[in-house]
Ligand code: SF4
């Protein structure tokens, strides 16, 4: 059982799904994303698109921040993204938020990922298999965080758009 005080964030879960080397750089405090234009654009989209939401930037525990939550007949977690390029990572980031809220006793079964630039959204559900996969991922993330050296480069097409490209290929 993973406790939520191990300082794992949604970004770390997303990076774990995309690239374990990227996760390692990020957890060592090498945050080149801040100077990456596309990431800044993503943050602006996230802040502007749903600024009238009542429950925005909801903090879970010490390290997790959800873009917004809607509370109606059920509680739904919402995450805003710039593009669908890393959709699988986005899905697991939202599942991690749902997992975390459930660990705090909040009954969340639904998440929605918004892609306002292309006017699309995607529903994300959560089941017991997801819980197992999240807990395995959290164990792996803790192992990667403690590695002395970064995992190998992955040579994927999306590497050329990664903020850490120069640390891997130049
Ligand atoms: S450039 Fe590729 S290998 Fe390097 S951190 Fe980014 S995704 Fe990983």
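Some notes on this structure:
- Computed over the chain with a Gaussian network model linking Cα atoms closer than 10 Å, the most mobile of 160, 82, 121 is 160.
- Cα gyration tensor shape of the range 124-170, rounded if a/c is under 1.5, else prolate or oblate by comparing a/b with b/c: oblate
- In terms of its C-alpha gyration tensor, the range 78-170 comes out oblate, because a/c is 1.5 or above while a/b does not outweigh b/c.
- Rounded if a/c under 1.5, otherwise prolate or oblate - the range 4-169, Cα gyration tensor axes: oblate
- Relative contact order (%) - criterion: Cα under 8 Å, at least six apart; region: the chain: 26
- Footprinting exposure proxy ranking of 63, 11, fewest other C-beta atoms within 10 angstrom first, gives 63, 11.
- Between 0 and 90°, nearest 10: helix 128-145 axis offset from the chain longest Cα axis: 40
- Proxy reagent accessibility, fewest Cβ within 10 Å first, across 162, 168: 168, 162
Only the coordinates and a few stated rules stand behind these numbers; no lab work does. Owing to the predicted nature of the structure, the values given are computational and were not obtained by experimental measurement. Counting neighbours? That spans all protein chains shown, and the Cβs are built from the backbone with ideal geometry, glycine included.
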